[in-house]
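The structure appears right after this line, and notes come after that.
The values are calculated or read from the model by the stated rules, or taken from the named source; none is laboratory data. Just so we're clear, the structure is a prediction, and the values are computed from it rather than from any experiment. Note: ideal-geometry Cβ built from the backbone for every residue, glycine included; neighbour counts use all protein chains shown. Note: areas computed on protein heavy atoms with side chains; ligands, DNA, RNA excluded. Shrake-Rupley method; radii C 1.70, N 1.55, O 1.52, S 1.80 Å.
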Amino acid sequence: MAGSTNTNITPPRWLTVELTYACPLQCPYCSNPLDYAKYPNELSTEDWKRVLSEARKIGALQLGFTGGEPLTRQDLPELVKHARELGYYSNLITSGYGMTEEKIIQLKEAGLDHIQVSIQASTQELNDHIAGTASFEHKKTVAHLVKKHGYPMVLCVVIHRENIHQMPEILAMAEELGADYLELANTQYYGWAHANRNLLLPTKEQFLKAEQIAQAFKEHVAGKMKIYYVVPDFYEDRPKKCMNGWGTTSLTIAPDGVALPCHSARDLPGLDCPNVNAASISDIWYESKAFNFFRGNEWMQEPCRSCDEKEKDFGGCRCQAYLLTGDMYKTDPVCSKSPEHGVIQEAIDTAARHNQLTTNEQPLIFRNSKNSRNF
């Protein structure tokens, strides 16, 4: 059985609380599970407070409120207030849909430190198509309100084949909105994005052109806006150091209380991910099977086991290895040293063929938001 004899486990630093899977948007790259409707139960306000308290007690410092759409939780200000009292630096990751000036003021008074707003594209037509909801103008209004009330304007745009051609316009939009920080997050192919990969994965030429435009724009806005460009794994020859290493830094709690080493770990077989209703955060982090499963490097197979770079990337992403090879122990195929590296080129070639189709033979699979709450 996989596991770790690591006796020097560091405490979690970043706590991600997925308050809900409910969302008014239907983004085809959503990171929530494809079967999210199977998990309708959500932790109560008091349970979430207990989670925040227990995680803070063992060392968590930064807190991300996310979902789904966290604004659908009416107790969000109460949870923000509790987080402030505990000493967290808290960040709200939101689509902005349903945000009002009154809510921004309420969250500010509760002690929220940071708001990140996502926009799907630079035009109303494409934004609303990708989101599956008429939301573009409202998102822009929210961005201005966030700035008005003293928050840094943090804008996130997920980049994929549907909007990558808009890179110049996306950058101009961020400047017009007064963004202090812009995250250009090339799609990571998990969850719904994995299901839609053939239609979302840009060609290498499209990616390189967009990256060149973004890098040039950095010089244009130097000193006014910081741009973070998240590269797509499929065009790298080394995998990312996923979650800064399994069970070293990040702790995610799903809406139903399941504790995860990363947001996609729920899909991995045999982890027996614990629930905060059955165990304390301390026991989950230090003692549970799931969080010790890929700690250290004893679980590694070749070529990772003898690789002189294994301390840099820890074999890459376990979820990506599983999605692409069916074996979560294998080297992340993104790595050029992986015996399965060919599946990456195969995925790129397949997506390129779909990109050349003149008819919509395989439409995007949009996340169904019928279970979302009304605002």
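So for the stretch 196-216 (the condition being of a type in the set (D, E, K, R) and buried (at least 18 other Cβ atoms within 10 Å of the Cβ)), does at least one residue qualify? Yes. Would you confirm whether any residue within the stretch 279-293 is within 30 Å of Leu177 (Cβ to Cβ) and either crowded, with 19+ Cβ neighbours inside 10 Å or within 18 Å of the chain's Cα centre (by Cα) (or both)? No, there is no match, as no residue in the stretch 279-293 is within 30 Å of Leu177 (Cβ to Cβ) and either crowded, with 19+ Cβ neighbours inside 10 Å or within 18 Å of the chain's Cα centre (by Cα) (or both). For the stretch 73-104, name all the residues that are of a type outside the set (S, T, N, Q), open to solvent by 30 Å² or more (accessible area, probe 1.4 Å), under 25 Å from Met173 (Cβ atoms) and not in a strand (DSSP E or B). Answer for the stretch 73-104, where residues must be of a type outside the set (S, T, N, Q), open to solvent by 30 Å² or more (accessible area, probe 1.4 Å), under 25 Å from Met173 (Cβ atoms) and not in a strand (DSSP E or B): Tyr97, Glu101, Lys103. Against the definition (over 28 Å from Asn127 (Cβ atoms) and in contact (Cβ under 8 Å) with a residue 12 or more places away in the chain), how does Gly67 come out, yes or no? Here the answer is no, as Gly67 does not meet what is asked.
Among the numbered conditions (1) under 26 Å from Leu43 (Cβ atoms); (2) buried (at least 17 other Cβ atoms within 10 Å of the Cβ); (3) of a type in the set (A, V, I, L, M, F, W, C), the only one that Leu61 does not meet is (2).
Residue count for the stretch 259-290, restricted to those that are of a type outside the set (Ser, Thr, Tyr) and over 23 Å from Gly326 (Cβ atoms): 12. The numbered conditions (1) open to solvent by 30 Å² or more (accessible area, probe 1.4 Å); (2) in contact with a Pro (Cβ under 9 Å, 6 or more places away or on another chain); (3) among the aliphatic types (A, V, I, L, M) are all true for Val146 except (1).
Selection of first residues in the stretch 290-313 that are farther than 26 Å from Val258 by Cβ and of second residues that are open to solvent by 70 Å² or more (accessible area, probe 1.4 Å) and of a type in the set (S, T, N, Q), restricted to Cβ pairs under 6 Å at least 6 apart or on distinct chains, gives an empty result.
Results for (1) out of contact with any Leu (no Cβ under 8 Å at 6 or more places or on another chain); (2) closer than 30 Å to Gln320 by Cα, shown as yes or no for each residue.
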site: Gly150; (1), (2): yes, no
site: His160; (1), (2): no, yes
site: Asn163; (1), (2): no, yes
site: Ile170; (1), (2): no, yes
site: Ala174; (1), (2): no, no
site: Asp180; (1), (2): yes, no
site: Thr187; (1), (2): no, yes
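Counting residues in the stretch 37-53 that are out of contact with any helix residue (DSSP H, G or I) (no Cβ under 6 Å at 6 or more places or on another chain) and under 28 Å from Trp299 (Cβ atoms) gives one or more.
The requirement of being closer than 17 Å to Leu324 by Cα, under 17 Å from the mean Cα position of the chain (by Cα) and small (Gly, Ala, Ser) is fulfilled nowhere in the stretch 242-250; no residue meets it. Of all the residues in the stretch 105-130, those that are without any contact (Cβ under 8 Å) to a residue 40 or more places away in the chain, open to solvent by less than 10 Å² (accessible area, probe 1.4 Å) and more than 14 Å from Gly150 (Cα to Cα) number 2.
The criterion of being in contact (Cβ under 8 Å) with a residue 40 or more places away in the chain and either in contact with a helix residue (DSSP H, G or I) (Cβ under 9 Å, 6 or more places away or on another chain) or open to solvent by 40 Å² or more (accessible area, probe 1.4 Å) (or both) holds for Asp267. Counting just the residues of the stretch 32-57 that are surrounded by fewer than 16 Cβ atoms within 10 Å (Cβ to Cβ) and part of a loop (DSSP other than H, G, I, E, B), which one comes out farthest from the chain's Cα centre (by Cα)? Ranking the qualifying residues of the stretch 32-57, first place goes to Ser44. As a summary of the residue check, Ala351 satisfies the conditions (1) small (Gly, Ala, Ser); (2) outside any helix (DSSP H, G or I); (3) open to solvent by less than 70 Å² (accessible area, probe 1.4 Å); (4) closer than 21 Å to Pro239 by Cα except for the one numbered (2). In the set Tyr229, Tyr235, only one residue is touching a Phe, Trp or Tyr at 6+ places or on another chain (Cβ under 6 Å) and under 22 Å from Ile344 (Cα atoms); that residue is Tyr235.
Selection within the stretch 6-31: residues that are over 21 Å from the mean Cα position of the chain (by Cα) and open to solvent by 50 Å² or more (accessible area, probe 1.4 Å). The member of this set that is modelled with the highest pLDDT is Thr10.
Yes or no, residue by residue, for (1) modelled with pLDDT under 95; (2) buried (at least 22 other Cβ atoms within 10 Å of the Cβ):
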position: Pro303; (1), (2): no, no
position: Lys312; (1), (2): yes, no
position: Gly315; (1), (2): yes, yes
position: Arg318; (1), (2): no, yes
position: Val343; (1), (2): no, no
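If a residue must be open to solvent by less than 50 Å² (accessible area, probe 1.4 Å) and either in contact with a strand residue (DSSP E or B) (Cβ under 6 Å, 6 or more places away or on another chain) or over 23 Å from Pro333 (Cβ atoms) (or both), how many such residues does the stretch 232-258 contain? Of the residues in that region, 11 qualify.
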